[in-house]
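Peer 1: Let me give you the structure first, and then I'll get to my questions.
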Amino acid sequence: MLEIKNLVVQIEDNRILNGLNLTVNDGEVAAIMGPNGSGKSTLSYVIAGKEDYEVLDGEILLDGQNVLKMGADERAAAGVFLAFQYPLEIPGVGTMTFLKACLNAQRRARGEAEIATPDFIRKVNAAAEKLEINKDMLRRALNVGFSGGEKKRMEILQMALLQPKFCVLDETDSGLDIDALRIVSEGVNALRAEGRSFLVITHYQRLLDYIVPDTVHVMSKGLIVKTGGKELAKELEASGYAEYRTNEAA
């Protein structure tokens with residue numbers, strides 16, 4: 001379970017989150033929707049441990065542990081995963097080298113032995129096949145020359161390998177065509193499990209046709225201002241965000 005209590009965050013003296021409260025239960029898929037400037041991406045970065053943000057108050061508890069007291073690497077080892085809106089290209093770092101290093105870092109943090117190379121290759125190939133990631137992509141530098149859809153599939157591959165407990169998807173549908181959206185969503189849905197939770201951040205209801213949420217939260221001015229079931233996303237699609245519009249920067 002992830003519990004966010006009275007979270008107050010600023011960057012460069014600009015207050016973005018204003019006492020935000022949110023609970024995501026084990027096995028739950030929670031969606032956050034809201035206008036630009038409401039603080040959605042800031043929330044994802046603060047959960048994951050991006051250092052640019054100053055936390056003035058509040059807690060983020062993962063199974064009772066305050067992750068705000070952990071570094072980003074410790075949060076990852078504890079089971080937090082962030083899929084970025086715009087995954088970075090990393091020239092000179094091979095995709096397979098990166099994936100193996102991430103997986104072994106997690107295993108070491110848990111006191112487990114590093115994975116043997118043959119087992120690693122079988123694991124990657126099996127997960128990549130489901131996401132329609134070809135072997136040429138696995139041979140290249142991480143995300144270099146990848147399309148938007150290929151980058152997002154690569155992030156879901158990382159998630160499938162790492163098996164995190166709490167997954168944050170920050171506008172994963174951004175830049176995806178219909179086919180890529182379907183593939184990425186199927187990869188996410190395959191990872192839904194009783195002990196794994198998701199926080200899906202999106203502007204648009206279309207993603208939630210594929211990744212159907214248990215709950216939908218509306219965010220505005222750094223706060224959760226409305227909560228409902230999956231039908232709330234359809235209401236927002238029909239009526240827009242005029243009721244919640246803000247000019248604050250996320």
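Peer 1: Please list 3J(HN,Hα) in residue order for region 142-155, calculated via the Karplus relation 6.51 cos²θ - 1.76 cosθ + 1.60 where θ = phi - 60°; whole Hz, with x for glycine and proline.
Peer 2: These are the phi-based 3J(HN,Hα) values: 4, 6, 6, x, 6, 6, x, x, 5, 5, 5, 5, 5, 5 Hz.
Peer 1: Just to be sure I understand: of the beta bridges DSSP finds with both ends in the chain, what percent are antiparallel, rounded to 5?
Peer 2: Details: 25 of 42 bridges.
Antiparallel bridges: around 60 percent, rounded to the nearest 5.
Peer 1: Report, to two decimal places, the Cα Rg of region 27-68 normalised by 2.2 N^0.38 Å (N = number of residues).
Peer 2: Cα-based Rg divided by the globular estimate yields 1.29.
Peer 1: Once the Cα gyration tensor of the chain is found, what semi-axes does its equivalent ellipsoid get, as square roots of 5 times the eigenvalues, in whole Å, sorted largest first? Each step should come with its number before you reach the end.
Peer 2: Working: eigenvalues 173, 91, 55 Å².
Ellipsoid half-lengths, sorted descending, are 29, 21, 17 Å.
Peer 1: For region 1-146, what are the per-bin percents of Cα-Cα distances with bins 10 Å wide, up to the bin holding the maximum?
Peer 2: Once binned at 10 Å, the Cα pair distances of region 1-146 give 10, 31, 32, 23, 5, 0.
Peer 1: Follow-up. Output ³J(HN,Hα) for region 4-20: one whole-Hz value per residue in order, computed from phi by the Karplus curve 6.51 cos²θ - 1.76 cosθ + 1.60 with θ = phi - 60°, and x for Gly and Pro.
Peer 2: 10, 10, 6, 7, 10, 9, 9, 9, 6, 6, 9, 6, 10, 9, 10, x, 6
Peer 1: Cα gyration tensor of region 140-190, axes a ≥ b ≥ c as square roots of the eigenvalues: rounded (a/c below 1.5), prolate (a/b > b/c) or oblate?
Peer 2: On the way: a/c = 1.82, a/b = 1.19, b/c = 1.54.
Because a/c hits 1.5 or more and a/b fails to exceed b/c, region 140-190 counts as oblate.
Peer 1: 5 Å is the cut-off here: which amide hydrogens, built 1.01 Å from N in the peptide plane, fall below it relative to VAL29, excluding neighbours closer than 5 in sequence?
Peer 2: Those lying under 5 Å, H to H, from VAL29 are PHE198, ASP214, THR215.
Peer 1: So if I place +1 on the C-beta of Lys and Arg and -1 on the C-beta of Asp and Glu, and nothing else carries charge, what would the dipole magnitude of the chain be about its Cα centre? I want it in debye, nearest 20.
Peer 2: Details: 29 positive and 36 negative charges, 117 e Å.
Dipole size: approximately 560 debye.
Peer 1: Counting only Cα atoms, I'd like the Rg/Rh figure for region 166-236, Kirkwood definition for Rh.
Peer 2: Values: Rg = 12.2 Å, Rh = 12.8 Å.
Expressed as Rg/Rh, it is 0.95.
Peer 1: OK, next. Could you tally the net charge around ARG206, taking each other residue with its Cβ under 9 Å from the Cβ of ARG206, Lys/Arg +1 and Asp/Glu -1? Don't skip to the answer; put the middle values down first.
Peer 2: Details: positive: none; negative: ASP173, ASP209, GLU237.
Computed value for this residue: -3.
Peer 1: For region 76-216, give me the percentage of DSSP beta bridges that are antiparallel, rounded to the nearest 5 percent. Display every interim value, and only then the final one.
Peer 2: On the way: 3 of 12 bridges.
Around 25 percent antiparallel, to the nearest 5.
Peer 1: Using helices alone, what [θ] at 222 nm do you get for the chain, with -39,500 (n - 2.57) per DSSP H run of 4 or more residues, divided over all residues and rounded to the nearest 500? Don't skip to the answer; put the middle values down first.
Peer 2: Details: 9 runs with 92 residues, N = 250.
Dividing the helical sum by the residues of the chain leaves -11000 deg cm²/dmol.
Peer 1: Enumerate the amide H contacts of VAL144 below 5 Å, restricted to partners 5 or more residues apart or on another chain; note that Pro and chain-start residues carry no placed amide H.
Peer 2: ILE90
Peer 1: Please give the charge dipole size of region 49-171, origin at the Cα centre, charges +1 on K and R Cβ atoms and -1 on D and E Cβ atoms. Round to the nearest 20 debye.
Peer 2: Rounded to the nearest 20 debye, it is 660 debye.
Peer 1: I need to check one value: relative contact order of region 1-127, counting alpha carbon pairs closer than 8 Å and at least 6 residues apart, in percent.
Peer 2: For region 1-127, the relative contact order is 22 percent.
Read-outs: derived from the displayed coordinates by stated rules, not from any lab. These numbers were taken from a predicted model, which means no experiment stands behind them. Neighbour counts are summed over all protein chains in view; Cβ atoms, including those assigned to glycine, are modelled from backbone coordinates with ideal geometry.
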